[in-house]
Structure formats: C-alpha cells, structure tokens
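*Asks:* Below are the structure tokens for one structure; questions will follow.
The values are calculated or read from the model by the stated rules, or taken from the named source; none is laboratory data. All figures in this text were calculated on a predicted structure; none of them were measured in a lab. Here Cβ is always computed from backbone atoms with ideal geometry, including for glycine, and neighbour counts include all displayed protein chains. These area figures cover heavy atoms from the full protein model, side chains too; ligands, DNA and RNA do not enter into them. Shrake-Rupley method; radii C 1.70, N 1.55, O 1.52, S 1.80 Å.
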Amino acid sequence: MANNNIPPQLAKEQVMFMAEKEMEYRVELFNKLTQTCFRKCTDKSYKESELNMAENSCIDRCVSKYWQVTNLVGQLLGTNQPPM
C-alpha cells in the first residue's frame, strides 16, 4: 500500500538516495572481497604473470565463502534472528 502523504518529488529523492547508498555498499563489498581474497590467495613475489592453479582455486573458494557469509549476515539482519 502506497503512502499518499509523501510528495512525489520527495519519494523520488528517497529512491535516488537509497539507490546511491546501495551502489556505495556494493562497491565497498566488492573492494573488500577483492582485497581479502587477493591478500589471502596470491603469492607475494609475483613469480608469474598469470594466476596459477592453486591461486585460482583459492580465489574461487574465497569468493564463494565471502558471498555465502555476506548473504547469511544479510538474511539474519533482515529477520532479526539470532545466529544459529
């Protein structure tokens, strides 16, 4: 049910504000994921120009776990449920 008491311009501004905040959150999440998995999985000496098999595998697992945890935290915050 829509709230008819909110002027259309204010509602549009709220939607734009929320969209900007969502974009900022997603960029920050991506940057944290990239930094965390890069630091954890890549060899610090950069012996090769390409990722090796072990680094690829590590990054794949790291990204998967990062998304799983992020989704779980989001679900728990959205439902206000205590952790299992």
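*Asks:* Name every residue in region 24-73 that is assigned to a loop (DSSP other than H, G, I, E, B) and surrounded by 13 or more Cβ atoms within 10 Å (Cβ to Cβ), in order of residue number.
*Replies:* Matches in region 24-73: Thr42, Leu51.
*Asks:* I've got another one for you. Show the residue pairs that are 6+ apart or on different chains and have beta-carbon atoms under 6 Å apart, the first residue being within region 21-42 and over 12 Å from Val63 (Cβ atoms), the second being open to solvent by less than 100 Å² (accessible area, probe 1.4 Å).
*Replies:* Sorted first by the residue in region 21-42, then by its partner, the pairs are Thr42/Glu55.
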